[in-house]
Amino acid sequence: MANRRSKPKTRLKVIALGGLEEIGKNMTVLEYGNDIIIIDCGLAFPEDDMLGIDLVIPDITYLAKNVEKIRGIVLTHGHEDHIGALPYVLKQLKVPVFGTLLTLGLLENKLREHKMLDKTTLHTVVPGEKVKLGEMVVEFIHTNHSIADSVALAIQTPVGMVIHTGDFKVDYTPIDGDIIDLQRFAELGSQGVLLLMSDSTNAERKGFTMSEKNVGKVFERIFEETPRNRIMVATFSSNIHRIQQIINAAYMYGRKVAIIGRSMVNAVKTASELDYLWVPPRTLIDINEIKNYRDEQLVIITTGSQGETMSALSRIANSEHKQVSVKPDDKIIISASAIPGNEKNVIRVVNELLKKGADVVYGGIEDIHVSGHARQEELKLMLALTKPKFFMPVHGEYMHLSSHRDLAISMGMDKKNIFVNKLGDVLELSKNEAKVTGTVPTGQVMVDGLGVGDVGNIVLRDRKHLSEDGLMVVVVSMEEETGQIVAGPDIISRGFVYVRESEGLMDGAREVVMKALQECEEKNITSWNYIKNLIKDTLKNYIWQKTKRSPMILPIIMEV
């Protein structure tokens, strides 16, 4: 250990603080001597058991301790799982942020909402540009993904070249005509790549991911086959190329386009202003104008492809939207695949729309969605072009990471040069060797309303307990001097049993508490802690015997 301290600049450290063994929350740290670069800063959506939690962001304890070393945050693209945590993280780490035009345009909307735009330094970069950050130089390489302006990063460090692909696919016919820069990856591979970190999301899927252009052809066919009905399309607000294809098809068939959903409106506005989205003149109309047009003249583009409760599509499905209600024979296209865990929400929305007479088209019926992530053949291509000495699969659950590892082994890579790491693992690299040497603190920071990190595992455990078993509050008034019971015990039940139908149970509960309190009086016990614990234990045993349930018990003692 002493030897390593005496030569702090001999090794590069690579640490993932998010995005391993999980989908989302992507964040990777590169540290060399006194310089740290952060790649992406994303959020994840809460698991089902995270009751009341809005968002989950990475734990940045390690970065907060080393804030003076951080030279900047570099972004690969503008999806929530890569930029969504920035408004929260930048409050603690006041460091510059580097990204492409659209990525920073989407980020600016977030920072403006959090009143942080004036306090943050943003640097716009273009593919091909290099930025020197301390002793490391970051080059931005154009890639294809389900959002425009995505880049991979080639980071020249004193020990060698590190490539981070970001989220990518190989699309030979992208909507903007700008193919992934395979030539640059090949050039870097021929010069020598020390470490490749590559997107693993679709590592289990054989073959190639379809081109985004395929979806456009399907839209055109559906529009052609639906000459008299109103069309609604739900998709991700960040998928500007998908939105472009919907607008193209609408224009081709003489329809007006209305946009609903706050994130969709913001994304279309930002992308149009930055020239990433071309909207033909007089095509876009305000949602309040749809009543002026016949059904066959309208296309509505909406958020809610994941069945999110408050999204526009969910509110339409539940007849809660002010401007739009479902009409029988509306053609509703859900142009997205369900993120793992969201399947039930999507099915619920589809069911509601079908009940109202809509004709719903979703992934299982038509090819109305293609992934933005590379499948096995594209992942092999990336490995073949870059020829890395060491390989670390990123972005995915363990099954995705291990599939990606197996792909690399099938291509001749030595298993010992591949690192399927856990969050917080410190991978140290010199020019010739790589090994995991330790860990740093990691975890999940939960955002609930305006609170960041104030809801931890203990609070969640209490919420779970309350949600499953309910609550009983025992109120007792005692004389301060003598400890004598003046009033009570009164027992209030919430979420446990309906009191009016369980009078016998509640009377019995009062009796056992009263008996325990009388024993305390007889023994002259006046310690409140002791009395509270006694009430809890006595009542808990009684309720368990009678109901085989364990509600949360909250004793309240009032002094008189």
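Per-residue Cβ neighbour counts within 10 Å put Val445, Val131 in the sequence Val131, Val445, beginning with the fewest. The ratio of the alpha-carbon radius of gyration of segment 212-361 to the globular-protein estimate 2.2 N^0.38 Å is 0.96.
Within a straight-line Cα-Cα reach of under 17 Å, Lys435 can be paired with the following aspartates and glutamates, leaving aside sequence neighbours fewer than 8 residues apart in one chain: Glu31, Asp414, Asp425. Report summary: the helix-based calculation at 222 nm, which adds -39500 (n - 2.57) for every DSSP H run with n ≥ 4 and divides by the residues of the chain, gives -9500 deg cm²/dmol.
Gain on full extension, evaluated as 0.36 nm per residue between Lys322 and Thr439 minus their Cα-Cα distance, stands at 37.0 nm. For Lys206, the aspartates and glutamates whose Cα comes closer than 19 Å to its Cα, not counting residues fewer than 8 places off in the same chain, are Asp167, Asp171, Asp367, Glu377, Glu378, Glu397, Asp406.
If R0 equals 51 Å, the separation of the Cβ atoms of Glu68 and Glu511 corresponds to a calculated FRET efficiency of about 0.20.
Using packing as a proxy for protection, rank 206-217, 305-316 so that the peptide with the highest average count of other Cβ atoms within 10 Å comes first.
305-316, 206-217
Mind checking which aspartates and glutamates have their C-alpha under 13 Å from Lys540, skipping anything on the same chain fewer than 8 residues away? The reachable aspartates and glutamates, counting only those whose Cα sits under 13 Å from Lys540, are Asp469.
For the residue pairs Lys132/Lys387; Lys25/Lys344; Lys13/Lys65; Lys387/Lys431; Lys515/Lys546; Lys327/Lys355, the alpha carbons lie more than 19 Å apart in Lys132/Lys387; Lys25/Lys344. Placing dummy labels 7 Å off each Cα toward the beta-carbon, the span from Val475 to Tyr398 is 4.9 nm.
Computed packing ranks the peptides 513-521, 192-200 as 192-200, 513-521, most packed first, by mean other Cβ atoms within 10 Å.
Taking the average, over residues, of other Cβ atoms within 10 Å as the packing measure, peptides 82-90, 529-537, 410-418 rank 82-90, 529-537, 410-418 from highest down. Note on Glu129 and Met252: the extension gain reaches 40.5 nm, defined as 0.36 nm multiplied by sequence separation minus the Cα-Cα distance.
Calculate, for Lys548 and Glu273, the FRET efficiency according to 1/(1 + (r/R0)^6) with r their C-beta to C-beta distance and R0 51 Å; round to the nearest 0.05.
Calculated value: 0.25.
Annotation for segment 31-138: GluC sites (Glu not before Pro) lying in DSSP loop with at most 13 further Cβ atoms inside 10 Å of their Cβ are Glu47. The calculated FRET efficiency for the pair Glu289 and Lys119, based on their C-beta separation and a Förster distance of 56 Å, comes to about 0.90. Taken along the Cα-to-beta-carbon direction at a fixed 7 Å, the label points for Glu377 and Asp406 span 2.0 nm.
Note on segment 156-208: the C-alpha convex hull projects to 4.7 nm² when averaged across all orientations. Among the listed pairs Lys115/Lys331; Lys169/Lys356; Lys115/Lys269, those whose Cα-Cα separation exceeds 28 Å are Lys115/Lys331; Lys169/Lys356.
Taking 0.36 nm per residue of separation and subtracting the Cα-Cα distance, full extension of the segment from Lys355 to Lys416 would add 16.4 nm.
Rule-based calculations on the coordinates, nothing more; no lab input. Everything numeric here is computed off the predicted structure, so don't read it as measured data. Cβ sites come from the backbone with ideal geometry, for glycine too, and all protein chains shown count toward neighbours.
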